[in-house]
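K.L.:
To start, I am sharing the structure in question, which I have written as structure tokens.
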Amino acid sequence: MRMSPVRVWREKGSRYRLEGSKCKKCNRAFYPPKPSCPYCGHHETENISLPRRGRVVSWTIEYTVPEGYREYAPIIVGLIELENGAKVVAPIVDIDVDRIHEGMYVEAVLRKIFEDGAEGIIVYGIKFSPSI
């Protein structure tokens with residue numbers, strides 16, 4: 001895969017700390033951080049820390065996954081609405097595929113995403129796990 005350590009470092013805020021942006025005009029929060037609002041197009045945003053809890057809005061189950069991720073199959077990918085209304089697409093872990101349901105509460109956890117070969121970097125990122 002050959003992931004650049006520089007890229008991983010540059011993306012550390014959204015990758016490790018669940019940082020997003022908030023529009024200074026319409027006040028909506030979004031992920032990942034962007035210089036302009038995807039809702040109203042305003043060009044003034046500020047970086048914010050997003051809530052770590054949310055609810056499952058929708059999900060899909062990937063049974064056929066690319067090389068490098070096969071040990072994790074099947075992979076559940078969910079659309080998560082965080083407590084402040086921002087939406088995040090991320091893997092959902094620590095649950096059987098037949099137990100996931102709409103409205104289920106989940107929380108962000110830091111987990112290994114992949115290893116870049118035997119001697120490459122290990123990339124971590126945000127996944128979501130069921131919450132009580």
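K.L.:
How do the pairs read when you match residues in region 16-29 that are part of a strand (DSSP E or B) with residues anywhere that are crowded, with 20+ Cβ neighbours inside 10 Å and not aliphatic (A, V, I, L, M), using Cβ under 6 Å and keeping only pairs 6 or more apart or on different chains?
P.N.:
These pairs meet every condition: 20/30; 20/31; 21/30; 21/45; 23/37; 23/45; 29/20.
K.L.:
Hey, can you tell me all the residues within region 90-104 that are surrounded by 13 or more Cβ atoms within 10 Å (Cβ to Cβ) and of a type outside the set (Gly, Ala, Ser)? Steps first, answer last, please.
P.N.:
Filtering region 90-104 down to residues surrounded by 13 or more Cβ atoms within 10 Å (Cβ to Cβ) leaves 90-93, 95, 100, 104.
Hits for region 90-104 are 91, 92, 93, 95, 100, 104.
K.L.:
Identify, please: which residue in region 1-11 is under 17 Å from the mean Cα position of the chain (by Cα) and surrounded by 13 or more Cβ atoms within 10 Å (Cβ to Cβ) and is, among those, farthest from residue 114 (Cα to Cα)?
P.N.:
Looking at the filtered set, the residue picked out is 11.
K.L.:
How many residues does region 53-97 contain that are of a type in the set (Ser, Thr, Tyr), under 18 Å from residue 126 (Cβ atoms) and in a loop (DSSP other than H, G, I, E, B)?
P.N.:
Final tally of qualifying residues: 1.
K.L.:
Let me ask you something else. Among the residues of region 70-78, is any surrounded by 14 or more Cβ atoms within 10 Å (Cβ to Cβ), of a type in the set (A, V, I, L, M, F, W, C) and either under 19 Å from residue 132 (Cβ atoms) or touching a helix residue (DSSP H, G or I) at 6+ places or on another chain (Cβ under 8 Å) (or both)?
P.N.:
Looking for residues that are surrounded by 14 or more Cβ atoms within 10 Å (Cβ to Cβ), of a type in the set (A, V, I, L, M, F, W, C) and either under 19 Å from residue 132 (Cβ atoms) or touching a helix residue (DSSP H, G or I) at 6+ places or on another chain (Cβ under 8 Å) (or both), one finds at least one in region 70-78, hence yes.
K.L.:
Restricting to region 107-131, and then to whatever is among the acidic types (Asp, Glu) and surrounded by 14 or more Cβ atoms within 10 Å (Cβ to Cβ), can you tell me which residue is farthest from residue 95 (Cα to Cα)?
P.N.:
Per the criteria, the residue is 116.
K.L.:
Additional query: Inside region 92-128, can you point out the residues that are more than 15 Å from the chain's Cα centre (by Cα) and at pLDDT below 90?
P.N.:
Scanning region 92-128 gives 115, 116, 117, 118, 119, 120, 121, 122.
K.L.:
Inspect region 46-55 for any residue being of a type outside the set (Lys, Arg), exposed (fewer than 13 other Cβ atoms within 10 Å of the Cβ) and under 17 Å from residue 108 (Cα atoms) and give the result as yes or no.
P.N.:
yes
K.L.:
Another one. Which ones in region 87-98 are of a type in the set (D, E, K, R) and without any contact (Cβ under 8 Å) to a residue 24 or more places away in the chain?
P.N.:
Listed by number, the residues that qualify are 96, 98.
The values are calculated or read from the model by the stated rules, or taken from the named source; none is laboratory data. Just so it is clear, the structure is predicted and the values come from calculations on it, not from any experiment. Heads up, the Cβs are rebuilt from the backbone with ideal geometry, glycines too, and the neighbour counts pull from every protein chain shown.
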